[in-house]
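**Q** Sending over a structure as structure tokens; questions will come in a sec.
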Amino acid sequence: MKFMLGDLPVLFPYDRLYPEQYSYMADLKTTLDAGGHCVLEMPSGTGKTVSLLSLIVSYMQFYPTKRKLIYCSRTVPEIEKALAELKRLMEYRAEMGANDGEFRGLGLTSRRNLCLHPEVSKEKKGKIVDSRCRDLTSAFACEKGRTNPGSIPLCSYHEELNNYETGNLIPPGIYTIDDVKKYGKDKGVCPYFTIRRMLPFLDVVIYSFHYLLDPKVAEQVSAEMSKESIVVFDEAHNIDNVCIESLSIDLTRPMLDSAARSVNKISDKIAEIKETDSQKLEDEYKKLVEGLQEANDAREDEDMMVSPVLSKDMLDEAVPGNIRKAEHFIAFLKRFIEYLKTRMRVLHVVAETPQSFLAHLKEITYIEKRPLKFAAERLTSLVRTLELTNIDEHYSLQKVASFGTLVATYEKGFLLILEPYETEHATVPNPIFHFTCLDPSLAIAPVFERFSSVVITSGTISPLDMYPKILQFRPVTEQSYPMTLTRNAFLPMVITRGSDQVPISSRFEVRNDPAVVRNFGSILIDMAKTVPDGVVAFFPSYLYMESIVSAWYDMGILSEVWKHKLLFVETPDAMETSIALRNYREACNNGRGAVMLSVARGKVSEGIDFDHNYGRAVIMFGIPYQYTESRILKARLEFLRDNHRIRENDYLTFDAMRHAAQCVGRVLRGKTDWGLMVFADKRFARQDKRAKLPKWINAYITEAHSNLSTDVAIALAKKFIRQISQPFDHTQTGISLWTLEDIEKRQLQDKLEAEQAESELKNSLGNANGNLNMRNGGNGNEEDMDVDFVMDDYDQLDDDQLAMLDIPDEL
Amino acid sequence: MAGETSSVRRFDVDFKKIPGTISVTSTHIAWVPKEPGAMDRQNQAMERAVNMLASKAGSKQISLKILFRDDIPSNGLLFVFSNAQTREDDRKSVQDILIPFVAANKNPQPAGGQPHTSINGTTSETITPSTSAAQAVLQAKGKRKLDEMADISSPSTPNNSNTPGGTILSPAAKAQRKREYKLRQKVLEKNPTLRMLHRELVIGKQITEEEFWDGRESLIQAEEMAYAQKPGRASRLLDDRFDLDAGRKGKGTGGTGVGIKQNDNGPIILKLSKELTREIFEEFPVVQDAYAKYVPGISETEFWSRYFTSQLWERHRASVRKSAVDESARKKDDIFDQYLEEPDWNMQPRQTLPDDVERFLDLAATEEDHGESITVRDVTMQAGRERSALPLIRRFNDHSKKLLRANDSNRDQSLLMDSPYGSGIDLYNEIDLADLHGPAQDTTITLDVQEAGDMADKQGQDGDGGVLPGKTEEELHTIASKSTAILSNFNPDFGAVCLPNPGFHTTNPDGTASEEMNPAYEAFAEQRDAQAAAYHVIKDLHSRANAEVAVNIPIPEQLNEQMKSCHNAATEFLRQYWSAILPSQSQLNSSNIHQSKENKAIKMAGYLKLTENKVKAIIETSVIMGFDPERVKKAMAPTVGAVQIALAREAKRTKKV
């Protein structure tokens, strides 16, 4: 349909529209017009992505200032779906006669997901694919390979790209990741470099958060993005964690050992080069005197070795003299690694600030802060000078260098934590040195600064004020939309007790209590019995899921489940889990029915939809709190308390609830879809917990359904399923489904209201003005509006009364 | 036998205890009573003889029962050879003549009278009908044990069906018959109404078994399909089913202890059925491997007992808990220990996985979407830390997958590994919000109107549409405003509808009642009477309407039974009749079938003609019983109506012919 939003014609690729989509688009438009950031929460499954894309594309195409869209999502499945959504939208626009001409939209993902090279693409690990690709496509390899064909293997897909004109490597249109791969295969060009090189020319680019937030990739990929771009973070409920992750680094013992080996290898190489081609090293030295930035001018093929710090924090000055020479730098690295190794021998937990770490470092090794800051980039320069291949071997060394750079660059909002043991009960030390970022606003700050409009949106982003607080930005619009339903399409239930009235909870103290485990199990059995097709269950952690699954098996609970449905479980291996998911979907489709057990915050909980028959019920076993014993989490909570006045408990509950809501929201897509949502934990019954769920879920939890025992809940579920299976006319419009007329009606109403409000405002203002005038004119007809006259009334107020008003309630 | 074609052979034979002569020609078999008029003559074409059954050798009577196609006459003809001297030879001769016919007719080459045979159509007989017929002849001739022939075709005489020994039916056909009979019986068992009908019509010998089932193939087919459905694999894990702890802990534990017996304190006895071993082999191919290698060497019992005490078995059990026997305590076993391998508990599964899945399910792609995460997740969120649980989880997934595939084992495995470059449409499906689409366009069927174009043109000329064609806007406005005016000025005038009672007498001006009648009262009275009349009419209507829904006295049981039976029979005859009249879907041009259909139609029409009398009889009964015959008539009216329609149709049809 086509409708007008103010002066903007919006093409929406469906005949109908949900009211929440309308409000969402209206608010988005306001934000874009105003040129600011916004936080929008829209119920899961109500077509957020399509609303977003159709409004922004309409906006981009209608207004002459061609703004770009940078759309960030979490996972590859979501990116692929967004691309498909965009592709369909553009097809629809073409059908409707919109002339979008040279409109291009692409999605970027890693080489590992895009590579077509017959050998390299077989590698499973992204790191190795990157490194092997670099060997085939780096500037020096190409140079050598081209001047002397056959001397060095090159990638034909990459070479083929040179035959295309810059900025026109791929015909206009929208390509999903699979489309690009297919295109690359047909034409014999490299999909990855096609996308990379086309980035500045694209109208829409869709990629994951990291490409914009993580300095290690953002610098290379997103530097050229125009400042006018509209940035969207979809599924942004986890954005703070991505921010933190992208500026944190963890080192382990094996990594240090591997780094030490790398240093030795490199020093051998230096010695070798010195004998054969000493000129090279001297050239490098000269360049380094001039400054690192020039030495490392951005090169697309080197994106696996970039600085881990944000660009504004990067130094644009000459490299300190003591690491300019290759041998000196190697010695420097060796010392640094040795120091870290020594630190790791300590068998008690250490938490220190970067400053204290640096002071101690200096005391012991005489390594100063300034050269350490350059470590990562100096290493990059060295690697390039030496023309090293297979750089994945030196991965650990890179990490160590990055660690050094980060430690030396950042002071505030960071903490170093050394944990000698993995768990409290472990006896064998397995030390990890965490350099952890505590302040998510650091990583995202450049984005807010650079781009005028940043949209942060998700199905579960309540409470809305949390994100502006922890990410330190000021939104123009903050909005959460309720879900309009013509019938209650989902039934949230809180099960607090088993049929035997034993309270259930995933609280650490009771979670392994056999009664609790059994009661959790009987919920699963009864649900498997009652609910048709797919049932998804989420656990608070991998550890808990893995232990409860074996316990259930031994209790015979899984045998019961098998009687009704097939059983699939998420495993550590992503591909294995994908296969399990595929089988799960097949079982849901052929009527066999299946249960999927997975973990909140895990792989499956993000990006996989369990809509329609793929998820008729979702069970949340316990509350997905983070591991509260984690020292990093504790440090973060402390930081939040000190800097943002967010109470520990509030944050923990907020965090758990957003993940719970995220899991539960996976079951809905569209308003004809229906499903059960089961929250199985007695703590969900408490108002303070539930209040942190998104409004659109919380509004449907009735008091009666918030404290159920298993048997009652199952009876309710049966009733619900019977009711929802009755034929229902989904085509009725007006309430939860709007036609064009409904939109126009609404717009008219809005307009009237606005006019009325305006006139009221004008009236009152006008009166005030009139009053002033009247006063000036000395014509006091309307005495009741006289300000002084009104104030006189206040004068007559009793002082005692005023005093009483001031007194706080407690007294 | 060719030489005997012209000749007629006669034998002394009793039929239904009435002495007569049977004459056998090359085309017909006929029986004529010795006393004329004592009994109907019997004459049947040889082509219709499908089976013959002889009494046992040495039994008192030397009889031969000949069954004909479609079971007409019902249950065949039973002839008892009466010539004391030659009766055995007589029978032999008759049989010799009949054998080739029977053999040829019995094989169901034309689906004519036995359409149901196509359901189970065993290939062997349909492919080579001639050879099997010849075989049957040979068999019968060679054996000459005709007395051992068994009746299997007639379900109404099931007692005979078990008679052992040779038969002129080929074994396949025999099995086929048997199966069909069973199926029919099952259908009847499941369907009480049908059983009643069957009892009435077939056992009551109104129509034959074959006729009855004709047109009900789908029922048998459905039954057969249900019957043929095999139970699938049990869905629980294999080892869970003979969990050794099961016996001890009772029902509380997971294992059901299938195949397990345990004496109070004695050793555990495992009963290994074929099924069980097959499943073990399926689940653990290594066991099959070991079995193939060693079993001729060691006994089967030893093999299994060693397996169940080996460490391998311990590994194969999905449980992570230790069983009563500690692993180290388990004996070393040179056969099974070599199959021991590290449990599959590493992050990466041992099993090789396909490279790609559908992009929207691809979790690995997300993991490798951007540089590897350089932070470590906390302990609780590290997947696969509980190493012992991992092989278990893998087995669950694997088991579920096997169960999923068990049903469509013929499905190509490679189909699952199809390329990721699926069509984009699939992905659109994933993102589509179905309810946002407008209601689907009505699928209209265009009427095939002759000269539709002209009509459309005419319509176009007639007027230019709108509410009132041919009126101008202004006229419409005036009409509208007029109507509005009328509505707004509407004033109810109740006096015009109902007169008030002015009183009987006119009132004089002085206030006393005058003698003469008030003229206004006259009008009032008239109206009042009319009202009263209307009231009565309405009341009458009302009571009559009520009477219709009033509960009638139930029809007496006996009468009801009769009515039901009459109705059922009529319906069945109607069904048969119409199915015979209407063209069948297959084999439209087969003259043979056409003929048999024709016969059937005529026969059914004959039955139908009797219906009216039957109904009359019932009505009479009702009169005798003192029950309202009208109601019976009414109840039977639809049946009678349907019969009449069929008969009218039949009359027309036969006239045409």
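**Q** Quick check: pseudo-label points 7 Å beyond the Cα along Cα→Cβ at residue B:221 and residue B:645, how many nm apart are they?
**A** The answer from the label model is 2.6 nm.
**Q** Assuming R0 = 45 Å, can you tell me the calculated FRET efficiency for the pair residue A:645 and residue B:286, based on Cβ-Cβ distance, to the nearest 0.05?
**A** After rounding to 0.05, the efficiency reads 0.10.
**Q** Given labels modelled 7 Å from the Cα in the Cβ direction, how far is it in nm from residue B:26 to residue A:347?
**A** Result for the modelled spin labels: 11.4 nm.
**Q** Need the full-extension length gain, residue B:496 to residue B:592, defined as separation in residues times 0.36 nm minus the C-alpha distance. One decimal, nm.
**A** That works out to 26.5 nm of additional length.
**Q** Give the residue list of GluC sites (Glu not before Pro) in the range A:389-478 that are DSSP loop and have at most 12 other beta-carbon atoms within 10 angstrom.
**A** Here the sparse-neighbourhood loop sites are A:411, A:424.
**Q** Using the number of other C-beta atoms within 10 angstrom as an exposure proxy, rank A:671, B:564, A:81 with the fewest first. Don't skip to the end; give the middle numbers.
**A** Details: A:671 26, B:564 16, A:81 23.
So the ranking, lowest neighbour count to highest, is B:564, A:81, A:671.
**Q** Shape of the range A:490-724 from its Cα gyration tensor (a ≥ b ≥ c, root eigenvalues): rounded if a/c is under 1.5, otherwise prolate when a/b > b/c, or oblate?
**A** rounded
**Q** For the range A:247-254, take each phi angle, set θ = phi - 60°, evaluate the Karplus expression 6.51 cos²θ - 1.76 cosθ + 1.60, and give the result in whole Hz per residue in order, putting x for glycine and proline.
**A** With the stated coefficients, the range A:247-254 comes to 10, 10, 8, 10, 10, 10, 4, x Hz.
**Q** Residue separation times 0.36 nm, minus the C-alpha to C-alpha distance between residue A:412 and residue A:268: what's the value?
**A** Stretched out fully, the residue A:412 to residue A:268 stretch lengthens by 48.0 nm.
**Q** Going by C-beta contacts inside 10 Å, put A:42, A:96, A:1 in order with the fewest on the left.
**A** Listing A:42, A:96, A:1 from fewest to most nearby Cβ atoms yields A:96, A:1, A:42.
**Q** For residue A:430, list long-range residues whose amide hydrogen, built 1.01 Å from N in the peptide plane, is under 5 Å from its own amide hydrogen.
**A** A:421, A:422
**Q** Can I ask one more? Tell me the relative contact order for chain A as a rounded percent, counting alpha carbon contacts under 8 Å between residues six or more apart.
**A** Relative contact order here is 16 percent.
**Q** Sorted from fewest to most neighbouring beta carbons within 10 Å, what does the list A:59, A:700 look like?
**A** Exposure proxy ranking, most exposed first: A:700, A:59.
**Q** A further question on this structure: Can you pull the one-decimal nm distance between simple spin-label points at residue B:541 and residue B:186, each 7 Å off the Cα toward Cβ?
**A** Once both label points are built, they end up 5.8 nm from each other.
**Q** Taking amide H positions as placed 1.01 Å from N in the peptide plane, with prolines and chain starts having none, which residues 5 or more places from residue B:18, or on another chain, fall under 5 Å of its amide H?
**A** Close amide H contacts, sequence-distant or interchain: none at all.
**Q** Additional query: Going 7 Å from the Cα of residue A:699 along its beta-carbon direction, which residues of the range A:480-503 have the amide nitrogen within less than 18 Å of the resulting point?
**A** Residues passing the 18 Å test: A:480-493.
**Q** What is the range A:510-597 by shape, rounded, prolate or oblate, if you read a ≥ b ≥ c off the alpha carbon gyration tensor as root eigenvalues and call it rounded for a/c under 1.5, prolate for a/b larger than b/c, and oblate otherwise?
**A** oblate
**Q** Also: What number comes out for the charge environment of residue A:648, summing +1 per Lys or Arg and -1 per Asp or Glu over other residues with Cβ under 9 Å away? Can you show the working numbers first?
**A** On the way: positive: A:634, A:641, A:647; negative: A:638, A:650.
Taking every other residue near residue A:648 into account, the sum is +1.
**Q** So what J values fall out for the range A:464-472 if you push phi through Karplus, 6.51 cos²θ - 1.76 cosθ + 1.60 with θ = phi - 60°, rounded to Hz, Gly and Pro as x?
**A** Whole-Hz 3J(HN,Hα) from phi for the range A:464-472: 5, 7, 5, 5, x, 5, 7, 9, 6.
**Q** Can you compute the FRET efficiency between residue B:530 and residue B:637 using 1/(1 + (r/R0)^6), with r the Cβ-Cβ distance and R0 = 51 Å? Round to the nearest 0.05.
**A** For residue B:530 and residue B:637, the calculated efficiency is 0.85.
**Q** Along the Cα-to-Cβ line of residue A:224, 7 Å from the Cα, sits a label point; which residues in the range A:73-116 have backbone N less than 19 Å from it?
**A** Taking a point 7 Å out along Cα→Cβ of residue A:224, the residues of the range A:73-116 whose backbone N falls under 19 Å are A:102-111.
**Q** Write out the trypsin sites (Lys or Arg not before Pro) in the range A:322-420 meeting two conditions: DSSP loop, and at most 12 other Cβ atoms within 10 Å of their Cβ.
**A** Listed in order of number, the matching sites are A:345, A:412.
**Q** Nearest 10 degrees is fine. How inclined is helix A:710-724 to the longest principal axis of chain A, computing both from alpha carbons?
**A** 80
**Q** Within the range A:91-106, find all residues whose amide N lies under 17 Å from a label point positioned 7 Å from the Cα of residue A:2 along Cα-to-beta-carbon.
**A** A:91-101
**Q** Would you please give the FRET efficiency between residue A:366 and residue A:427, computed as 1/(1 + (r/R0)^6) with r the Cβ-Cβ distance and R0 = 35 Å, to the nearest 0.05?
**A** So the FRET efficiency works out to roughly 0.45.
**Q** Output the 0 to 90 degree angle, nearest 10, between the alpha-carbon long axis of helix A:441-450 and the longest principal axis computed from the alpha carbons of chain A.
**A** 80
**Q** Working out 0.36 nm times the residue gap between residue B:610 and residue B:346, then minus their Cα-Cα distance, what length gain in nm do you get to one decimal?
**A** Computed gain between residue B:610 and residue B:346 is 86.7 nm.
**Q** Could you state the angle between the C-alpha long axis of helix A:375-386 and the longest principal axis of the C-alpha atoms of chain A, as a value from 0 to 90 degrees rounded to the nearest 10?
**A** That helix lies at roughly 50 degrees to the long axis.
**Q** Past the 26 Å Cα-Cα mark, which pairs from A:563/A:719; A:48/B:402; A:87/A:181; A:565/B:186; B:65/B:609?
**A** Exceeds cut-off: A:48/B:402; A:565/B:186; B:65/B:609.
Taken together, the values in this text are just the output of simple stated rules run on the coordinates, not laboratory data. The shown structure was predicted, so the numbers you read here are calculated from the model rather than taken from an experiment. Virtual Cβ from ideal backbone geometry, glycine too; neighbours counted across all protein chains shown.
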